[in-house]
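The next block holds one structure in the form of structure tokens; read it before the comments.
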Amino acid sequence: PRVRRQRQMCIRDRAYIKAIDYYLPETILTNEDLVKEFPEWSVDKIATKIGIEQRCISEQHETSLDMAVEAAEMLFKNNSEIQKNDIDFVLFCTQSPDYVLPTSACIIQSRLNLPTTCGALDFNLGCSGYVYGLAMAKGLICSGIAKNVLLLTGETYSKYLHVQDKSNRTIFGDAASATIISTTGSAEIKKFSLGTDGNGANNLIVKTGGARIKRTLNDLEYDENSNPISSDHLYMNGSEIFNFTIDVVPGLVKNILENNDLSKEDINLFVFHQANQYMLNFLRKKMKIDEASFYYYMKNVGNTVSSTIPIALTEAFREGLLRGNVMLAGFGVGYSWGGCILEYD
């Protein structure tokens, strides 16, 4: 009887990525545009250090919810094997929701005209969000709660940035992605490694707007490099974020490999959160990963937070690079980190 109950609780033990697509806003902010605002910088300096030549910026009234709907519509349009009526759960990862309440995923269900039998929820995570979304989607599939999960990511960090914040404006772009996780597909989602250290929360934060500090504080000041610091805008302590990443990611990669009984040589492609080129190059060299098996895709889109990994996977697929074992690793705001293996046919 105990064995029978366990089998009933976990109907399946496998979940797959069936399809991925993404959406970018129409407005493009180039390095040339930024240099006009900050003439002390050069186009080459930004491109060489950050690895980003342009980033897409959402319109004033365009939200992460709007972009997620666009990404989902593109996915359904480009993948005839999955229909809207097949979706029985929506997961939406965002740190820039339309409202405090209701849940954006509920509005997305209506906007996409998905079945009312569909479950829907938001979860608030940044650069590790896509991996966490895959973990939750796999749990829903394996427990028998859902057969087809629509995982959406959407972020508009540009709306949190101070107009004079030249450092962060060179890095972040807006985007959304849509992924179908199902009982069948081209990439099996294998085992995960996840982690959290909330002691680093203040190193990447927007302090006002939530229940703790609801009203704006208007406390703008400037650091020694003339970068604005404000509780009402996104603040990132770049050096602390860099140190956190360098400390945590090598251990994360080691744990992912151990959890999946693999070695580094078994991985055909490493797809990390596309933070910036300098950080990724430092990580790759520190972990002695061959550059040919380390994927970069940020030059034309920037750091799109929870959407960087699905965007990179989409482009790697178009280049014919997804085969065998592919490692995903996300890390950042929270502090939060997570990774897994995708096994492609």
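The values are calculated or read from the model by the stated rules, or taken from the named source; none is laboratory data. Please read these numbers as outputs of a predicted model, since none were measured by experiment. Quick reminder, even Gly has a Cβ in these numbers, built from the backbone with ideal geometry, and neighbours come from all protein chains shown. Heads up: the accessible areas ignore ligands, DNA and RNA and are worked out on the full protein's heavy atoms, side chains in. Shrake-Rupley method; radii C 1.70, N 1.55, O 1.52, S 1.80 Å.
What's the total number of residues in the stretch 134-168 that are open to solvent by 10 Å² or more (accessible area, probe 1.4 Å) and among the hydrophobic types (A, V, I, L, M, F, W, C)?
Total satisfying the criteria: 7.
Look at the stretch 222-279 and say how many of its residues are assigned to a loop (DSSP other than H, G, I, E, B), open to solvent by 40 Å² or more (accessible area, probe 1.4 Å) and charged (D, E, K, R).
Summing the residues that are assigned to a loop (DSSP other than H, G, I, E, B), open to solvent by 40 Å² or more (accessible area, probe 1.4 Å) and charged (D, E, K, R) in the stretch 222-279 gives 3.
Condition first: open to solvent by less than 100 Å² (accessible area, probe 1.4 Å) and not in a loop (DSSP other than H, G, I, E, B). Now tell me which residues in the stretch 84-101 satisfy that.
Passing the criteria: Lys84, Asp86, Phe89, Val90, Leu91, Phe92, Cys93.
When you look at Lys166, is it of a type in the set (Lys, Arg), more than 29 Å from Ser58 (Cβ to Cβ) and in contact (Cβ under 8 Å) with a residue 24 or more places away in the chain, yes or no?
No; evaluated as a whole, the condition is false for this residue.
Under 9 Å between Cβ atoms, which residue pairs at least 6 apart in sequence (or on different chains) link something in the stretch 214-243 that is at positive phi with a partner that is surrounded by 13 or more Cβ atoms within 10 Å (Cβ to Cβ)?
Asn218/Ser230; Asn218/Ser231; Asn218/Asp232; Ser226/Gln164; Ser226/Lys166
Considering only residues that are among the β-branched types (Val, Ile, Thr) and touching a residue at least 12 places away in the same chain (Cβ under 8 Å), which ones fall in the stretch 101-145?
Thr103, Ile107, Ile108, Thr117, Val131, Ile141, Ile145
Across the stretch 43-63, what is the total count of residues that are in contact (Cβ under 8 Å) with a residue 60 or more places away in the chain and assigned to a loop (DSSP other than H, G, I, E, B)?
6
Please specify each residue of the stretch 157-188 satisfying the condition of being within 30 Å of Leu342 (Cα to Cα), of a type in the set (Val, Ile, Thr) and in a loop (DSSP other than H, G, I, E, B).
Thr183, Thr184 - these are the residues of the stretch 157-188 that are within 30 Å of Leu342 (Cα to Cα), of a type in the set (Val, Ile, Thr) and in a loop (DSSP other than H, G, I, E, B).
Out of everything in the stretch 193-202 that is in contact (Cβ under 8 Å) with a residue 60 or more places away in the chain and out of contact with any Leu (no Cβ under 8 Å at 6 or more places or on another chain), what residue ends up being surrounded by the most Cβ atoms within 10 Å (Cβ to Cβ)?
Across the stretch 193-202, the extreme among qualifying residues is Gly200.
Any residue at all in the stretch 125-139 that is assigned to a loop (DSSP other than H, G, I, E, B), farther than 30 Å from Asp197 by Cβ and not β-branched (Val, Ile, Thr)?
No, because not a single residue in the stretch 125-139 is assigned to a loop (DSSP other than H, G, I, E, B), farther than 30 Å from Asp197 by Cβ and not β-branched (Val, Ile, Thr).
Being more than 18 Å from the chain's Cα centre (by Cα), without any contact (Cβ under 8 Å) to a residue 24 or more places away in the chain and open to solvent by 10 Å² or more (accessible area, probe 1.4 Å): is that true of Arg318 here?
So Arg318 passes the test.
Which residue out of Glu70, Glu81 is part of a helix (DSSP H, G or I), charged (D, E, K, R) and more than 30 Å from Tyr278 (Cβ to Cβ)?
Glu70
Here is a list: Ser177, Ser167. Which entry is modelled with pLDDT under 95 and not β-branched (Val, Ile, Thr)?
One residue alone meets the criteria, Ser167.
Scan the stretch 289-310 and give yes if some residue there is assigned to a strand (DSSP E or B), free of Cβ contacts under 8 Å to residues at least 60 places away in the same chain, farther than 17 Å from Leu151 by Cβ and not polar (S, T, N, Q), otherwise no.
Looking through the stretch 289-310, at least one residue is assigned to a strand (DSSP E or B), free of Cβ contacts under 8 Å to residues at least 60 places away in the same chain, farther than 17 Å from Leu151 by Cβ and not polar (S, T, N, Q).
Can you pull out the residues in the stretch 64-100 that are among the aromatic types (Phe, Trp, Tyr), in contact (Cβ under 8 Å) with a residue 40 or more places away in the chain and closer than 16 Å to Lys18 by Cβ?
Phe89
Pick from Ile171, Ile180, Ile213: which is touching a Lys or Arg at 6+ places or on another chain (Cβ under 7 Å), surrounded by 20 or more Cβ atoms within 10 Å (Cβ to Cβ) and not small (Gly, Ala, Ser)?
Only one candidate passes the filter, namely Ile180.
State whether one or more residues within the stretch 321-343 are of a type outside the set (Asp, Glu), part of a helix (DSSP H, G or I), open to solvent by 10 Å² or more (accessible area, probe 1.4 Å) and over 20 Å from Ala47 (Cβ atoms).
No; the residues of the stretch 321-343 include none that is of a type outside the set (Asp, Glu), part of a helix (DSSP H, G or I), open to solvent by 10 Å² or more (accessible area, probe 1.4 Å) and over 20 Å from Ala47 (Cβ atoms).
On the given criteria, is Ala105 open to solvent by less than 10 Å² (accessible area, probe 1.4 Å) and under 30 Å from Asp197 (Cβ atoms)?
Considered against the rule, which asks whether it is open to solvent by less than 10 Å² (accessible area, probe 1.4 Å) and under 30 Å from Asp197 (Cβ atoms), Ala105 comes out as yes.
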